[in-house]
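The values are calculated or read from the model by the stated rules, or taken from the named source; none is laboratory data. On a predicted model such as this, the values are computed, not experimentally measured, just so you know. Backbone-built Cβ (ideal geometry, glycine too); neighbour counts: all protein chains shown. The accessibility values were calculated without ligands, DNA or RNA, using every heavy atom of the protein model including side chains. Shrake-Rupley method; radii C 1.70, N 1.55, O 1.52, S 1.80 Å.
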Amino acid sequence: SAGCRSIGAAPCLFLPRTATCSTLNSQAQSQNTSSPGRSHSSSPASSSPGGSSKSGGASSQSSSTSSSPRSDNSSSRILNKPANGEAASPSMKRSYRPRAVDDLLHLFGEIGGYSRRSVKEAGALPWALAGVGGAAFGCLAALGLHWAASRAVSAPLVGSYWVTRILCSRFLAFVLCTAFSVAYFQNKALIGDNGILPARALLLRADGHVRQKIQTSNLDQPGFLSRLRRGIIRIETLPTLLWLSEDWHQLDVWLDRLALGGGFLSFTILLRGGATFWEWMLIWVVYHSINSIGQRFYGFGWEAQLLETVFLAALASPAGILDCWWPFGAFPTSAAPPLVAVWAFRWMVFRIMLGAGLIKLRGASCWLDLTAMCHHLETQPIPNPLTRFFHLQPRWLLLSLTASNHVIELWMVWLVLLPFSWAQAAFGATHVLFQVSLILTGNLSFLNWLTIVPGIYCFDDAMLVGLLPEFLAHPLAQRVLAANVPASAAVVWIGYFRSAVVFAFLAWLSVPVYYNLLGTRGGARQRMNSSFSRALAVPSDCRQLCRWVSSWCGCQGRTSRAEASQNDESDQAAKRRKLTTEDQDEAYLQLELQSLRLLNTYGAFGSVTKERVEIIFEGFDSESKAWLPYVFKAAVDDPHKRPTWFSPYHYRLDWCRWIASCRGRYANGLQEQWIISLVGKLLEGDEGVRKLLARPPLRGDPFEGRAPPEVVRARLFAYKFKTPPLRAEDPYWLREHVGDYLPQLTWGMIAPSLFQWGFIPSLFDDADDDYDSGTSYSPSQ
């Protein structure tokens, strides 16, 4: 444990409790209280949540460096042995319960305690309705799917996942087509050459960081390894194909080609129902190239979730280049989905749902008293035509819906980890129904559509085929049986090796995610929609590779115990810390995987706003001497504008405007770079941004077809649902002015900041005749 503390590694999940520093230190602390001559530890292990390795290591170190020698009695207590004929107490008996079991029991205790407090706050009725409803639906779904799997046509398909992979691939391809279409139609105005946040400025900043790191690491020398390390640094800093562009001032063509290429490949997968490992990875690289430069407009949690889902889909697909092309299609011979990929998808849906439940458990109090749905439906980002209907339901029903959220995300989610088909079927059906209900209550982009994908792997082919009528189920079952022919022994062993490598890699990536789910017991506050630092160090030559393998296999010759212990500690520390010296840089190639977003943690709506406050941008019309509002496509602004259906499509500018207003009446636009840049586009009358606003019959840009305004401001309005109107001309929302978001800004006031950020090429243009250096704006003021 002291070695783990010194190198910053996580303690082993399966150490006996008596071998951890927290247990030893707690026993030593109890002895310290009875021995007046002993120095006391400054922070006992019992004060650390879960007895983390850091606190335990520090306490054991303070005990070991104490000036007073240990008595025989105290050492006997620490070693769990009775002293001087003393009878062994139950607390001193040796326990071999793994730490993972302790973590699991602590997590169940946290969830159970939260549920009991919620029952006291909101009453037992909502929880009873949610629990009975969830259990009844889960049981009915499990019975129905068990019946479907036991049909004569589907019984031979038990345990196979061919149809599951086809359904998952087509559903994921549909989401990808939507995501790439969003990129094609919006990215030029958002991050293009003349966009709100130009990708050019981000690439220039990243290039400066890369150059500085190359100079400090002495990698500016010729040679293959130096060039390879420079490429690795670029990937770690900003993983995008736009590094290959020759002119960063003309990136619109690159953005269009990436979006069209990724959309075309996704559409072919949608038609075929299958893809190879290489096709999925190509899509992953293309979308990652767009996501990495998206900045604020791609800062949503489902972007990383989409990348991880594509990565897992690649692991579930055959590795042959032509395996899934016609005439093979979705049934490549002897290329069944590996079981490790199936469980990887189940592990993903478990992390998504439990992470979302725990972030609410540790979040706002409205989740505890079950009033979250009383506010969320009215204040969610983009409502749809059914949102007001659900919001106006009775209060007891809204409380029950909030409790149902807890039942599914905190309790039923554990069924997916059980190795029983009925348990996975019960959770899978409940999960899909839950996501569909969220789709019906709001326009949450493609988040819920994407979350359905890993839940599909809760069903095997027997369940899915058994739900179809006979004339469809029989030919589909025959195709599965025809493709599922035994492979050669060599292919089977290669598949076993590949599955073992994938399992070890995913388990290694999951360690910090596991501790993040534990919250403070894992060492820090729970983070949502985040990735963690995981570094791979690979030897750069054959000689060092042999030494590296032999060190891992324990083939370095005999040494004394002291030397072996010292060498082991130093080797382990060298493997886990970054290689900074010149000799280590020459020996290893290190790649930091955090920027690749391979395996992440998720969560949403830990806090719910109780008042809907929206930002309304207005331009001053010098002719009518009036302020005219800008109307967005989906965001709430005009009280008479009716919500529409557009999920899974994603209006990124509208979402970012809602996020900027989440601070309510205290929101301040002078702290947001993209807000100032958007004001600059409105003052310019930019055509690209105008296309992101509402189209006729609504006038998104009131200055379209004439000169843009000279002054733009932004105000804050509080919105509430109006009762269902009797006439079509009645307003849909009630609103009141509650404050100002931006003062009156002119081009001359914001131009210096836009030039400093690299958003405009020059400070003085033809439109800058009224520039006054005395009125320049700085966000730090």
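In the complete set of protein chains, residue-level accessible area for residue 636 is approximately 10 Å², probe 1.4 angstrom.
A simple rule links phi to the HN-Hα coupling: the Karplus curve 6.51 cos²θ - 1.76 cosθ + 1.60 with θ = phi - 60°, which for region 590-597 gives 10, 10, 7, 8, 4, 6, 7, 6 Hz, with x for Gly and Pro. Descending by average beta-carbon neighbour count within 10 Å, the peptides 281-289, 499-507 line up as 281-289, 499-507, the highest first. Heavy-atom accessible surface of residue 710, to the nearest 10 Å², is about 140 Å², with a 1.4 Å probe and all protein chains retained. Put the Cα centre of region 379-453 next to the Cα centre of region 119-162 and the gap is 14 Å.
Relative to the Cα centre, the charge distribution of region 186-310, modelled as +1 at Lys and Arg Cβ and -1 at Asp and Glu Cβ, gives a dipole magnitude of about 280 debye. Ranked by the mean number of other Cβ atoms within 10 Å of their residues, highest first, the peptides 191-201, 676-686, 479-489 fall in the order 191-201, 676-686, 479-489.
Among residues other than residue 298 with Cβ under 13 Å from its Cβ, the summed charge is +2 (Lys and Arg +1, Asp and Glu -1). Relative contact order for region 291-449: 21 percent, from Cα pairs under 8 Å spaced at least 6 residues apart, divided by residue count. Mean separation of Cα pairs under 8 Å and 6+ residues apart, divided by the residue count of region 695-763: what relative contact order is that in percent? Relative contact order here is 30 percent. Legend: Rg and Dmax of region 217-341, from Cα coordinates, 17.3, 53 Å. Classification of region 102-188 by its C-alpha gyration tensor yields an oblate form. The axis ratio a/c (a ≥ b ≥ c) is 1.5 or more, and b/c is at least a/b. Per residue, the solvent-accessible area of region 350-480 (1.4 Å probe, heavy atoms of protein chains only, all protein chains present) comes to 32 Å².
Given a cut-off of 22 Å, name the pairs among 625/720; 633/681; 188/625; 188/641 whose C-alpha atoms lie farther apart than that in the structure shown. Violating the 22 Å limit, Cα to Cα: 625/720; 188/625; 188/641.
Element breakdown for region 216-261 at a 1.4 angstrom probe: carbon and sulfur atoms account for 56% of the accessible area. Near the amide H of residue 590, within less than 5 Å, lie the amide hydrogens of 538, all on another chain or at least 5 residues away, with H placed in the peptide plane.
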